[in-house]
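To start, the structure itself, in structure tokens.
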């Protein structure tokens, strides 16, 4: 940081830069006090002021390569851990040495005009790219003896070498041209490294530089390789990021993500684990599905399918012996896309355009006869072709099942909540007792008993209308008329109803159920036991229940003159629910 401040702000920076370089280079000894700080300062000076330090470049490179990178001071052990959260001093020194080499090229990319870049590429960049590619290809090993470097050192070195390659390719287009397709394809081993720390750091670097628009579009293919990422914390953000980039390009009508499909198929054709066996080829269905989930839409599915078909009209431009791998993946891609769009309910029309394919990856076929032969031949085992529909359906079903399960649980919770609410409401309704009517109030004491009873009977008639209007209309009964001879009977029944109101809610509910049964299926008429009526010239059947609540209605039309029955009519809670406009 101090070097950055000096170079950026001080007017005498040239003098200070030379002083810093001299103190860092002269008498440098590995392991001396402050040697890591000296390497870090040299790395930053190479990035910010490479031209001002050209006189010392040879000495700086000798320190970085001969005294640091090519030396193995910590011997590998069988029980070494794969990854260290904090690298030790030797590992950190080698990381600074790699940055010294890469930062010099990055500095020239920012300061040298394009007309002079060719000499920079030829003299300076080629050796650095060769070294970095070797670190990636050799699993982080710099020593001539494989396995001599400790495992945690190799892990850090291959990760930093891969990230430095990304930085160089983003620094200048001439540096990107040095990244040949075969070297580019080797980066797949970093994207699928056994260590999750390496996979995560690498994809984060790719997303960063692609998001800034500094990396070429071909680097999108390395993100699609994360289809087999076992760690959801790494895979899900990568998929989400790809969807976001695809949506952004779609808004501007750019086909970057669609044309990347050709590069992606080429990358898979050179995958180290590629095999023509059906079981191994099944893995490539997952790669295709991952791509389609991130990019495919009803608007671009025809273009993606067209690109998959075009793969059988060319040959491999990197290694012609890999051409059959290309054709095999083309057949798989076409079958997967076809099944995918069917299951999604999309239409697959014929694409009328002719997108260009990358010239460095593909080469034209020699003649039309060869092209026709390739187009007619199926390169995928029949066993896999028969199972592709089930494989595609299964990859789509995982998300749907989770969604359906979530909806089902939500519905169950909603039903349970409704049930609880209904039960609570029902209990509350049962617990409410009907208040005493005006007949029991002191306010009606001065009113004649006959008038009170008539008023009560009128209220009872309303309650009966609410429960069995249809029955009364069918029989043609008139509840408005009342015989004065029943007054004394009503007095006795009023006393009985007062006793019935004091019963438990459960007994009242049972009485209500019995009343409903009697209303539907009336029992055979029984002789009613009534209190003697001295002034009545005749004995009439009132249709009310007796003392024990078992006397039924007579065959003649029952007159519902009384307010309630002791048993067999509406309960108190039901009477209380009578509409207010009927009172």
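Some points to look at:
- Selection count, the range 345-370, where residues are surrounded by 14 or more Cβ atoms within 10 Å (Cβ to Cβ) and within 32 Å of the chain's Cα centre (by Cα): 3
- Helices (runs of 4 or more DSSP H) lying entirely in the range 35-141 (those with 3 or more residues that are under 15 Å from residue 155 (Cα atoms)): 89-111, 126-137
- Set 367, 325: member being in the same structural domain as residue 289 (by TED's automatic domain parsing) and at pLDDT below 95: 367
- Filter result for residue 284 (farther than 21 Å from residue 395 by Cα and within 26 Å of the chain's Cα centre (by Cα)): no
- Every test in (1) surrounded by 20 or more Cβ atoms within 10 Å (Cβ to Cβ); (2) in a helix (DSSP H, G or I) is passed by residue 193 save one, and that test is (2).
- Of the residues making up the range 250-277, those that are part of a helix (DSSP H, G or I) and surrounded by fewer than 17 Cβ atoms within 10 Å (Cβ to Cβ) are 251, 256.
- Condition check for residue 18: in a helix (DSSP H, G or I) and at pLDDT below 90: yes
- Test for residue 204: is it assigned to a loop (DSSP other than H, G, I, E, B) and modelled with pLDDT of 95 or more: no
- Pairs, first outside the structural domain of residue 289 (by TED's automatic domain parsing) and touching a residue at least 24 places away in the same chain (Cβ under 8 Å) in the range 229-243, second surrounded by fewer than 17 Cβ atoms within 10 Å (Cβ to Cβ) and not in a helix (DSSP H, G or I), C-beta under 6 Å, six or more apart: none
The values are calculated or read from the model by the stated rules, or taken from the named source; none is laboratory data. Quick caveat, the model's predicted, so the values are computed rather than measured. So basically every Cβ, Gly included, is an ideal-geometry build from the backbone, and we count neighbours across all protein chains shown.
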